[in-house]
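**Q** This is the structure I want to talk about, given as structure tokens.
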Amino acid sequence: MADYKAPLRDMRFVLNEVFEVSRLWAQLPALANVVDEDTASTILEEAGKVIAGTIAPLNRSGDEQGCSWADGAVQTPKGFPEAYQTYAAGGWTSVGGDERFGGMGMPKVICAQVEEMLNSANLSLGLYPMLTAGACLSINAHASEELKAAYLPNMYAGVWAGSMCLTEPHAGTDLGIIRTRAEPQADGSYKVSGTKIFITGGEHDLTENIIHLVLARLPDAPPGPKGISLFLVPKFLVDANGALGARNSLSCGSIEHKMGIKASATCVMNFDGATGYIIDAPNKGLAAMFTMMNYERLGVGIQGLSLGERSYQNAVEYARDRIQSRAPTGPADPDKLADPIIVHPDVRRMLLTMKALNEGGRAFSSYVALQLDSAKFSEDAATRQRAQALVVLLTPVAKAFLTDMGLETTVHGQQIFGGHGFIREWGQEQLIRDCRITQIYEGTNGIQALDLLGRKVLGSGGAYYHLFADEIRQFTASVGADLMEFTQPLNDAVQTLDELTAWLLDRAASNPNEIGAASVEYLHVLGYTAYAYMWALMARTALQKQDQDVFYRTKLGTARFFFARLLPRVHSLAAAVRAGSESLFLLDADQF
Ligand SMILES: Cc1cc2nc3c(=O)[nH]c(=O)nc-3n(C[C@H](O)[C@H](O)[C@H](O)COP(=O)(O)OP(=O)(O)OC[C@H]3O[C@@H](n4cnc5c(N)ncnc54)[C@H](O)[C@@H]3O)c2cc1C
């Protein structure tokens, strides 16, 4: 496998040249003195070094060895604790953290690039700090000042880790039916009892303490999602001075044996009257979790991109090296027995699909991260509100589309290796196995699609969708005829989406099955259109600078491939949406 190289040039292109982030940061008082183009460049370069040098080399051995469980303790693979500690000691676990508690206070758009690198290098290892960052977000947004002060500094420092305990054996997608209980105690704490399954990083040997955020019901809670509260439950209790005290009454019952991310411990967690502290008001637990979820869902989307990028780096190297058959137009390298496979149209199709989806995905995830930053840091209420609406609309697209494209990309990356892609030592099959979970956890991609179409698009009467569509139209109207080859098909795609949205608003009013029947294809049409918008933005910059450097001419070539060969997929997806739900219900359940 090729050594991982952080795609710093491309990241800088997206941040500085396409989105001109430093101009945005300068306008936001909360960021103006915290970050500029140079700081961002240094952060990404330094993160890239430690990630490529220390963490990437453990990806394959971590997969081979996996985690092990004995008597409630989990051992991560050889080298993981040391690599994690190097990463934490460098301050990388605190990049996005609140400065009041020792975080670096960097905007999400920087964290997104660091996450991309970390997950490309080693998704299993990356999950531990990612879960911690998610838990910190919920604590910072919803917990009491006392809890924040007691827990956040050590969590940002990476000395303690976090976990998110939602899923139960009978309650996955439907969290409204969870059974874990929390009994109030005289001192204001709670006793939490119940079993959670599939808990990433529920137990491990990377940190001295693990802070679990647990969804549970109070004794008098109303049924369903409105009766769920959120609790902070530490593995080791923490005394008034912040020192570690007694072990809490919770334990890891076992770990799962799974298809991929084998070095990430997926734990059954038993809470037996464990001491916990409520976060936010009683019965507001799901709302508190959702604070974390918008960030986490974008983060999971980025995992798909990360694996696609890693697979691409390997595939390009292989396609240049491997010689097999002659180019259809005659020998490209007559001195060799055969030509490198990169001459073949089908291999180029796969490589360019990977490249176009990765770079489109990097721009799109950065765009969503920028909306998260505007929603958080802008001083102007209207800007915040607009950005928040875009976050609400685009988060399920980022989670599901980036991971669906991640799987497609990693499969192309395997195919380019032929039979060698199926063999473990080349590493391409691991990337597919690791990628597969990204479509499932943090809400399956089917549920993301329902959320997008049902709650966000139709639920807002189309308003959130039109906000995004209008922004694209304003962009295409504002640029010159030299961009027509990109703006025209982009406008056509938006027109298709307009028609689908109006059609679905009408049809879903009389038949609720139309939403679930159309949702996955609708999300994909929106995803390809969003990528087309990103590619048109990138093409604008590349067109202006094409004479300066081959980098820009490569960008233009890739943009042209995206519009010629990938955007047309919206037509068949739109036809599937328009076919409606009828054919899904022609069979009775016993006819399957
Ligand atoms: C490796 C791994 C790590 C995980 N990490 C965590 C973690 O850290 N914390 C945590 O709490 N959980 C975690 N999970 C759990 C994960 O989030 C759930 O598996 C996921 O949300 C789906 O729940 P489920 O498995 O119960 O599937 P189910 O909810 O049973 O769904 C089964 C199928 O039915 C579909 N479906 C369900 N309801 C609907 C509907 N209304 N409409 C249409 N289709 C529907 C789903 O899309 C899916 O295809 C993890 C899981 C794994 C495998």
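The values are calculated or read from the model by the stated rules, or taken from the named source; none is laboratory data. Predicted model, so just to flag it, every value in this text is computed and none were measured. Please note: Cβ atoms are built from the backbone with ideal geometry, for glycine as well, and neighbour counts cover all protein chains shown. These area figures cover heavy atoms from the full protein model, side chains too; ligands, DNA and RNA do not enter into them. Shrake-Rupley method; radii C 1.70, N 1.55, O 1.52, S 1.80 Å.
**Q** Using the Karplus equation 6.51 cos²θ - 1.76 cosθ + 1.60 (θ = phi - 60°), what ³J(HN,Hα) coupling, rounded to whole Hz, does each residue of region 19-24 give in order, writing x for Gly and Pro?
**A** Running phi through 6.51 cos²θ - 1.76 cosθ + 1.60 with θ = phi - 60° gives 9, 6, 4, 5, 5, 5 Hz.
**Q** State the percent of C-alpha pairs, over all pairs in region 278-321, separated by a distance greater than 18 angstrom. Before the final figure, lay out each step's value.
**A** Values: 520 of 946 pairs.
Tail of the P(r) past 18 Å holds 55 percent of the pairs.
**Q** Hey, another quick one. By a straight-distance test (C-alpha under 21 Å), which lysines pair with Lys191 as possible cross-link partners, with residues fewer than eight away in the same chain excluded?
**A** Of all the lysines, those that pass the test against Lys191 - Cα under 21 Å, at least 8 places apart if same chain - are Lys148, Lys226, Lys235, Lys284.
**Q** Now, a different point. Report the paramagnetic label zone for Arg100: residues of region 140-175 whose backbone N is under 18 Å from a point 7 Å from Cα along the Cα-to-Cβ axis.
**A** The answer is 140-157.
**Q** From the backbone phi of region 410-422, what are the Karplus-calculated ³J(HN,Hα) couplings (6.51 cos²θ - 1.76 cosθ + 1.60, θ = phi - 60°) in whole Hz, Gly and Pro given as x?
**A** So the J values, rounded to whole Hz, are 5, 5, 4, x, 6, 4, 4, 7, x, x, 5, x, 8.
**Q** Based on the alpha-carbon set only, what is the convex hull volume of region 1-150 divided per residue, in Å³?
**A** Details: hull volume 18.3 nm³, N = 150.
Expressed per residue, the convex hull around the Cα atoms of region 1-150 is 122 Å³.
**Q** Report, please, the projected area of region 229-373 averaged over directions, based on the convex hull of its C-alpha atoms, in nm².
**A** Computed as one quarter of the Cα hull surface, the answer is 14.9 nm².
**Q** Report the per residue volume, in Å³, of the convex hull enclosing the C-alpha atoms of the chain. List each step's numbers first, then the result.
**A** Working: hull volume 102.9 nm³, N = 592.
Convex hull volume per residue, Cα atoms: 174 Å³.
**Q** Using alpha-carbon pairs under 8 Å, 6+ residues apart, how would you state the relative contact order of the chain in percent?
**A** Across the chain, relative contact order equals 12 percent.
**Q** With each pseudo-label sitting 7 Å past Cα toward Cβ, what's the Asp498-Lys49 distance in nm, one decimal?
**A** It is 5.2 nm.
**Q** Suppose we take every Cα in region 1-75 and form the convex hull; what volume per residue is that in Å³?
**A** 138
**Q** If you don't mind, another one. Would you mind checking the radius of gyration and Dmax of region 322-375 based on alpha-carbon positions, in Å?
**A** Looking at region 322-375, its Cα Rg and Dmax stand at 18.5, 59 Å.
**Q** Moving to a separate point now. Report for the chain the percent antiparallel among DSSP-assigned beta bridges with both residues inside it, nearest 5.
**A** 85
**Q** Just from its helices, what would the mean residue ellipticity at 222 nm be for the chain, if runs of 4 or more DSSP H residues each count -39500 (n - 2.57) and the sum is divided by every residue, rounded to the nearest 500 deg cm²/dmol?
**A** The helix contribution divided over the chain gives -17500 deg cm²/dmol.
**Q** For the chain, build the charge dipole from Cβ charges (+1 Lys, Arg; -1 Asp, Glu) around the Cα centre, then report which of Ala327, Val392, Tyr87 sits farthest towards its positive end.
**A** Ala327
**Q** Could you state, as a whole-number percent, how many of the C-alpha pairs of region 400-475 are farther apart than 18 Å?
**A** That fraction is 57 percent.
**Q** More than 13 Å apart: what percent of Cα pairs in region 221-261 qualify?
**A** 72
**Q** Continuing with this model, one more query. Between Leu586 and Ile440, what FRET efficiency follows from the Cβ-Cβ distance if R0 is 35 Å, with the result rounded to 0.05? Walk me through the numbers before you get to the answer.
**A** Working: r = 28 Å, r/R0 = 0.80.
Approximately 0.80, to the nearest 0.05.
**Q** Taking the alpha-carbon distance from Lys545 and a cut-off under 27 Å, which lysines remain once sequence neighbours fewer than 8 residues away in the same chain are dropped?
**A** Once the sequence-local lysines are set aside, what remains near Lys545 is Lys5, Lys355, Lys555.
**Q** Ok, one more. For a Förster distance of 45 Å, can you work out the FRET efficiency between the beta-carbons of Arg60 and Lys545, rounded to the nearest 0.05?
**A** Efficiency computed from Cβ-Cβ geometry: 0.75.
**Q** Would you mind computing, in nm to one decimal, how far apart the modelled labels at Ala477 and Arg12 are, each placed 7 Å from Cα along Cα→Cβ?
**A** About 3.7 nm separates the two model spin labels.
**Q** Now a separate question. Using the Karplus equation 6.51 cos²θ - 1.76 cosθ + 1.60 (θ = phi - 60°), what ³J(HN,Hα) coupling, rounded to whole Hz, does each residue of region 491-500 give in order, writing x for Gly and Pro?
**A** Each residue's phi maps through the Karplus curve to give 4, 4, 5, 5, 4, 4, 5, 4, 5, 4 Hz.
**Q** Still on this structure: What does the convex hull of the alpha-carbon atoms of region 270-347 project to on average, in nm²?
**A** Working: hull surface 39.0 nm².
The Cα convex hull of region 270-347, projected and averaged over all directions, gives 9.7 nm².
**Q** Out of the trypsin sites (Lys or Arg not before Pro) in region 1-106, which ones are loop residues according to DSSP with at most 15 other C-beta atoms within 10 Å? Walk me through the numbers on the way to the answer.
**A** Working: sites: Lys5, Arg9, Arg12, Arg23, Lys49, Arg60, Lys78, Arg100; in loops: Lys5, Lys78.
Qualifying residues, ordered by number: Lys5, Lys78.
**Q** What value does region 107-263 have for Rg/Rh, both radii from Cα atoms and Rh as Kirkwood defines it?
**A** Reported Rg/Rh, Kirkwood definition of Rh: 0.96.
**Q** A follow-up question, please. Give me, ordered by chain and number, the residues 5 or more places off Met164 or on other chains with an amide H under 5 Å from its own placed amide H.
**A** The list, which skips near neighbours in sequence, is Thr200, Leu213.
**Q** Could you check how much of the accessible area of the chain is carbon and sulfur, as a whole percent, using a 1.4 Å probe? Numbers along the way, then the final one.
**A** Working: 12270 of 23320 Å².
The value for the chain is 53 percent carbon and sulfur by accessible area.
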